[in-house]
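**Student:** Let me begin by handing over the structure; questions about it come next.
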Amino acid sequence: MQTFTDENTKIENNLVLPVLAVRGLVFFPGMILQFDVARKKSVLAVSEALSADRLIFLVTQIDLSDKEPTGDDLYKIGVIARIKQVVHHSEEGVKLHVEGVCRGEINSLLQEDPFLIGNITKCPVLTYKPSYRSEALLRIIHEKFDEYLRLFKHVPPDVLLGVLQEKDCGRLADYIASNISIDFERKQFILDELRPLKRIQKLIDVITEEIKILSVENEINQKAQAQMDENQREYFLKEQMRAIASEL
């Protein structure tokens, strides 16, 4: 489960920040998370952030197998985050407690060695006027999320409470996207969208697709379980017949 905060932190529109490339993980604004940092460049980027204002730019790398990603290997949209705490520090790396503050975009990398430093622009937080369309989108995403929960039962109850409490389409899309089990490419697809109504529409499409996949997966598992039960039943019947035959 990803925890979210409503803290509004003032961030300048243009920043020069250490860049931390992460693998298979997408951060969202408001998200609070602990994670491990092991690569040397990443540890140095963290040290640089800690020596300054504790701000760091978290961005997902496109190819998971890339050990030393550079500018072209990273998505453009990431999150400007604040390091809240260094939970653990050793020779193998560090465990960080971070809070996503706002979306940001890499304009350019100013440095690649010994760690990444980027010219980062704060993405605008777009708003919308509540309308019949926004209300309809909220109802649809709630229905889709309920359907998702029936198929994927590993979502904590407090996440459901968070979904029910959030009424802003943009923030709700971020919250749900960070708490459902989908691959990082599809999470990035949601992060890239700055327009709140468009973002929640994209999430509806993603969850609809995931529901179809989960339905097929559950069907396959049920058939496999039924076949296993049938095989077990046949095995026990054969063993019983052998026991009877030996008695006779």
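**Student:** Within region 200-248, list the GluC sites (Glu not before Pro) lying in a DSSP loop whose Cβ has at most 10 other Cβ atoms in a 10 Å radius.
**Tutor:** Values: sites: Glu209, Glu210, Glu217, Glu219, Glu230, Glu234, Glu239, Glu247; in loops: none.
Of the GluC sites (Glu not before Pro), not one in the loops of region 200-248 has a Cβ with at most 10 other Cβ atoms within 10 Å.
**Student:** Given the peptides 52-58, 107-113, arrange them by the average over their residues of other C-beta atoms within 10 Å, most packed first.
**Tutor:** Highest to lowest by the protection proxy: 52-58, 107-113.
**Student:** For Rg/Rh (Cα atoms, Kirkwood Rh), several values are listed as (1) 1.06; (2) 1.15; (3) 1.01; flag the one computed from this structure.
**Tutor:** The value computed from this structure is option (2).
**Student:** For the chain, set up a GNM with springs between Cα atoms under 10 Å and report which of Ser47, Ser181, Ser65 has the largest fluctuation.
**Tutor:** Comparing Ser47, Ser181, Ser65 in the GNM, the peak value goes to Ser65.
**Student:** Another question, then. Counting only protein heavy atoms and using a 1.4 Å probe, what share of the accessible area of the chain belongs to carbon plus sulfur, as a whole percent? Spell out each step's value before the answer.
**Tutor:** Numbers: 7470 of 14230 Å².
For the chain, the apolar C and S fraction of the accessible surface comes to 53 percent.
**Student:** Something else: Return the lysines within reach of Lys167: Cα separation strictly under 29 angstrom, same-chain partners fewer than 8 residues apart disregarded; answer none if there are no such residues.
**Tutor:** Straight-distance partners of Lys167: Lys10, Lys76, Lys84, Lys122, Lys129, Lys144, Lys153, Lys187, Lys198, Lys202, Lys212.
**Student:** Take the alpha carbon atoms of region 130-149, find their center, do the same for region 31-105, and report the distance between the two centers in whole angstrom.
**Tutor:** Between the Cα centres of region 130-149 and region 31-105 lies a distance of 33 Å.
**Student:** Only helices at least 27 Å long along their axis, Cα-based, and averaging -1.0 or more on Kyte-Doolittle count here, so list those DSSP H runs from the chain.
**Tutor:** Details: long enough: 132-151 (29 Å, -0.46); 196-247 (75 Å, -0.69).
Passing helices, by number: 132-151, 196-247.
**Student:** Residues in region 67-82 near a label at Leu25, defined as backbone nitrogen under 14 Å from the 7 Å Cα→Cβ point?
**Tutor:** 79, 81-82
**Student:** Counting only heavy atoms of the protein chains, get the accessible area per residue of region 14-85 (1.4 Å probe) and round it to a whole Å² value.
**Tutor:** Working: 3080 Å² over 72 residues.
Here the residues of region 14-85 average 43 Å² of exposed surface.
**Student:** Taking the Cα centroid of region 193-248 and of region 153-176, what is the distance between the two, rounded to the nearest whole Å?
**Tutor:** Result: 27 Å between the Cα centres.
**Student:** Relative contact order, percent, of the chain when contacts are C-alpha pairs under 8 Å separated by at least 6 residues? Please report the intermediate quantities before stating the final value.
**Tutor:** On the way: 393 pairs, mean separation 47.1, N = 248.
Across the chain, relative contact order equals 19 percent.
**Student:** Identify the trypsin sites (Lys or Arg not before Pro) of region 147-248 meeting these criteria: DSSP loop state and at most 13 other C-beta atoms within 10 Å of the C-beta.
**Tutor:** Details: sites: Arg150, Lys153, Lys167, Arg171, Arg186, Lys187, Lys198, Arg199, Lys202, Lys212, Lys223, Arg233, Lys238, Arg242; in loops: Lys153, Lys167.
Sparse-neighbourhood loop trypsin sites (Lys or Arg not before Pro): Lys153, Lys167.
**Student:** Moving to a separate point now. I'd like the antiparallel share, as a percent to the nearest 5, of DSSP beta bridges with both residues in the chain. Don't jump to the answer; show the numbers that get you there.
**Tutor:** Numbers: 36 of 40 bridges.
Counting DSSP beta bridges with both partners in the chain, the antiparallel share is about 90 percent.
**Student:** A further question follows. Hey, what's region 99-229 come to in accessible area per residue, 1.4 Å probe, Å²?
**Tutor:** Numbers: 7190 Å² over 131 residues.
Per-residue value: 55 Å².
The values are calculated or read from the model by the stated rules, or taken from the named source; none is laboratory data. On a predicted model such as this, the values are computed, not experimentally measured, just so you know. Please note: Cβ atoms are built from the backbone with ideal geometry, for glycine as well, and neighbour counts cover all protein chains shown. In case anyone asks, the SASA skips ligands and DNA or RNA and just uses the protein heavy atoms, side chains included. Shrake-Rupley method; radii C 1.70, N 1.55, O 1.52, S 1.80 Å.
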